[in-house]
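The values are calculated or read from the model by the stated rules, or taken from the named source; none is laboratory data. What you see is a predicted model; the values in this text were computed from it and never measured. Cβ coordinates were reconstructed from backbone atoms using ideal geometry, including for glycine residues, and neighbour counts include every protein chain displayed. SASA here: full protein model, heavy atoms, side chains in, ligands and nucleic acids out. Shrake-Rupley method; radii C 1.70, N 1.55, O 1.52, S 1.80 Å.
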Amino acid sequence: MVLSRTVHSDSNDSLHSTFASRYVRTSLPRFKIPEESIPKEAAYQIINDELMLDGNPRLNLASFVTTWMEPECDKLMMAAINKNYVDMDEYPVTTELQNRCVNMIAHLFNAPLGDTDTAVGVGTVGSSEAIMLAGLAFKRKWQNKMKALGKPCDKPNIVTGANVQVCWEKFARYFEVELKEVKLSEGYYVMDPEKAVEMVDENTICVAAILGSTLNGEFEDVKRLNDLLVEKNAKTGWDTPIHVDAASGGFIAPFIYPELEWDFRLPLVKSINVSGHKYGLVYAGVGWVIWRNKEDLPEELIFHINYLGADQPTFTLNFSKGSNQIIAQYYQLIRLGFEGYKNIMENCRENAIVLKEGLEKTGRFNIISKDDGVPLVAFSLKDHSQHNEFEISDMLRRFGWIVPAYTMPPDAQHITVLRVVIREDFSRTLAERLVVDIEKVLHELDTLPARVNAKIEVCEEKGLVVDEGELDVQRKFTTAWKKFVADKKKTNGVC
C-alpha cells in the first residue's frame, strides 16, 4: 500500500524528458515497470530532471537531519555502501567500529562502566527504531516482574509529555501500550515532572523524558523527574524507571552543558537513545540506543543466528541495512573528538542567538524557544489580526527557505509557531539573510490589503466583472485590515 499521494499531471501516466530525448523518444510508464530497457544516460537524466524540483536540503530549516559532511567521509560512505551491516562474520571490522561507537557514546553519557566493561547498546535506523527497542525492553521487564508477582500484565502504559515525537505514538500503538500524556500549557511547552509522576501507576513501564523537544528545543528536567520518582518508588515499592529520548540533545548537552545531570548519572535512567544523523553529524539515517547495564536488556529479546557464518547476537527491528552510516559515525567521533563537537555545538548556539536577536529587532515576534537547549529558534507573531505564521512559512518558500509552521499539542494548540533549526552548515551570514527575507515577507503581507483595494478599484473603473466569491473574500480582508488600523490608532492614543 502506498501511503503518500502521487502527483498527477496532464501527461497522465507517462513520463517525458526533453533532455533525454536524444536517447529515448517514447514516453515511459509512470507507475508500471517499462517493458524495455533504456540507456543509462537517459535513466539518469530523467530522474535528475525531476529531482531538480526538490528543495535545497541546506535551506530546509525544518529538519534536524545532517545535510553536509566532509568529502573524506563521503568517500568512506560510498566505499561501504555495498556492505550489509548485519553480516558480522563477513565484515568483522565494521562490527568492531559499531562496538567502538557504542562504547564511546556510553562513556559520553556517563554509563557506569569499569575499565574492562563493555557497554550495552546497538546501532539503529534513526531514533525511531532505537525507541522501539528501548520500549520493548521496558515492556518485557515489566511483564516479567508482574508475572513473578502473580499480577495481570496486559495493560502496560508509558508516561510522556504531549510534546513527544510521533515515534512514541507509533510504539504505543504497534506494541499495545497505553500512552499517558502530560498536557502542555501556554508558556510551558515541555513535560511537567510533577504532573508526570502523579500519572505513574503500577502498570507504568517507564517515564519518557525528552532532552530537546522537537517543538521548541527545550530540555526537560530529567534530574527533577528522577528525584520525584525515587520518592514515589520508595513510598509505593515500585521501581518505575526513566528512558531519555535524547534524539536531538544527546550530542549537544555533553559538550556545552556538561554540568547538566540528565544521563546515567541519575540512577533511574536505564536507557538513552540518540540520533547520529542529527547532531551526531551523520547523514540520515543512523541512531543509537544505550542501556545502563546488561540487566536492563532482557536476554530473551536477543536473537542468536549462525547462518551468516558465525554465532551473532542481534536485537533490532531491521535486519539488512547499509554499513556506511556506522562507518560515518565512527569517522565523526574520531575526526572531531570532544573538542571538535564542542566547537560545532557552541557555534550553532551562537548562530541561533544571532537569528533570535534579529527576529526580536523586528518587533513582530515572540520567541518561544530557550537559549539553553537544542540550537533552534521557535517564534510566533505577536499580532495575528493581519496574517498568521502559515502565510509567512508559505511565502518564505519563494526565497528558497523551508521554515515549518505548526500548532502546539494539547492544551496549547491555540499557539502557532515557526521554527528554524540551526545545523552546522547554517552560518551567521545565512541567519542574517533569513531575517532580511522574513522582513520582506512581512512587508509584502502588510501591503496586501492595499493591493487588494487597488485591484478592486481598477476593475470597477474599467467595468470589469470580478468573481463575486473572490470579491467578497477580498472585501472581508480589506475590512479586517481597516479595523486593525483603526484599533491600532485608538491604542496609540491611550496614555
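The peptide list 355-364, 418-427, put in order of mean Cβ contacts within 10 Å with the highest first, becomes 418-427, 355-364. Shown for region 63-124: the carbon plus sulfur share of the solvent-accessible area, taken with all protein chains present and a 1.4 angstrom probe, equals 53%. Can you tell me how region 116-176 classifies by the Cα gyration tensor, rounded, prolate or oblate, using a/c under 1.5 as the rounded cut? Oblate, since a/c reaches 1.5 and b/c is not below a/b. As a quick test, which of the pairs Lys170/Lys278; Lys195/Lys294; Lys147/Lys294 have an alpha carbon distance above 27 angstrom in this structure? Beyond 27 Å between Cα atoms: Lys195/Lys294. For region 357-362, putting each phi into the Karplus relation 6.51 cos²θ - 1.76 cosθ + 1.60 with θ = phi - 60° gives couplings of 5, x, 5, 5, 5, 5 Hz, in residue order, rounded to whole numbers and with x for Gly and Pro. Each residue of region 147-152 was assigned a 3J(HN,Hα) from its phi angle through the Karplus curve 6.51 cos²θ - 1.76 cosθ + 1.60 (θ = phi - 60°); the sequence is 5, 5, 8, x, 10, x Hz, with glycine and proline shown as x. Counting only protein heavy atoms and a 1.4 Å probe, region 50-160 has 51 square angstrom of accessible area per residue. Between the alpha-carbon centres of region 123-183 and region 33-53 there is a gap of 44 Å. List every residue whose amide H lies under 5 Å from the amide H of Trp238, counting only residues 5 or more places away in sequence or on a different chain, with H placed 1.01 Å from N in the peptide plane. Excluding prolines and chain starts, which carry no amide H, there are no hits.
Region 67-102 and region 377-432 have their alpha-carbon centroids 36 Å apart.
Could you rank the peptides 344-351, 265-272, 151-158, 209-216 by their average count of other C-beta atoms within 10 Å per residue, with the highest value first?
Values: 344-351: 18.8, 265-272: 22.0, 151-158: 15.0, 209-216: 25.5.
Output ranking for 344-351, 265-272, 151-158, 209-216: 209-216, 265-272, 344-351, 151-158.
Which percent of the Cα-Cα distances in region 157-285 go past 27 Å? Tail of the P(r) past 27 Å holds 15 percent of the pairs. For Phe365, the residues whose amide H sits under 5 Å from its own are Lys382, ignoring neighbours fewer than 5 places away on the same chain, with H placed 1.01 Å from N. Applying the Karplus relation 6.51 cos²θ - 1.76 cosθ + 1.60 with θ = phi - 60° to region 170-183 yields 3J(HN,Hα) values of 4, 4, 4, 6, 5, 10, 6, 10, 5, 9, 9, 9, 7, 5 Hz, where x marks Gly and Pro.
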